[in-house]
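The values are calculated or read from the model by the stated rules, or taken from the named source; none is laboratory data. Please read these numbers as outputs of a predicted model, since none were measured by experiment. No Cβ is skipped: glycine too gets one built from the backbone with ideal geometry, and neighbour counts run over all protein chains shown.
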Amino acid sequence: MALVCEDLSPSATKAIDRMVKNNHEASSAQLTAVRNGRSPNLTWLIDLVRESLPDFPIPTELLPDSVTPAQVGVPVLDL
């Protein structure tokens, strides 16, 4: 957020409208909270940056790791 907070504010309102119109999982209010730093959701922040600042190079180390699907039926503890 610190890398984009100043650039994100002016362009994010239209980006939020486009994202909601394109059926983003977050609502307009949720994305606005992310933009304002009140709701720290990294995935939605990245979506917002990609939509409103398409030329911004998001550092690879800030991108979340891919989540491995849970394996059903595998015990958590091997007792």
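A few points about this structure:
- Within the range 48-65, restricting attention to residues that are hydrophobic (A, V, I, L, M, F, W, C) and surrounded by fewer than 14 Cβ atoms within 10 Å (Cβ to Cβ), the residue that is modelled with the highest pLDDT is Phe56.
- The range 18-27, subset more than 13 Å from the chain's Cα centre (by Cα) and in a helix (DSSP H, G or I), residue farthest from Cys5 (Cα to Cα): Lys21
- Here Leu3 fits the description: modelled with pLDDT under 80, surrounded by 12 or more Cβ atoms within 10 Å (Cβ to Cβ), of a type outside the set (Gly, Ala, Ser) and assigned to a loop (DSSP other than H, G, I, E, B).
- In the range 28-47, residue modelled with the lowest pLDDT [restricted to those that are outside any helix (DSSP H, G or I) and in contact with a helix residue (DSSP H, G or I) (Cβ under 6 Å, 6 or more places away or on another chain)]: Ser39
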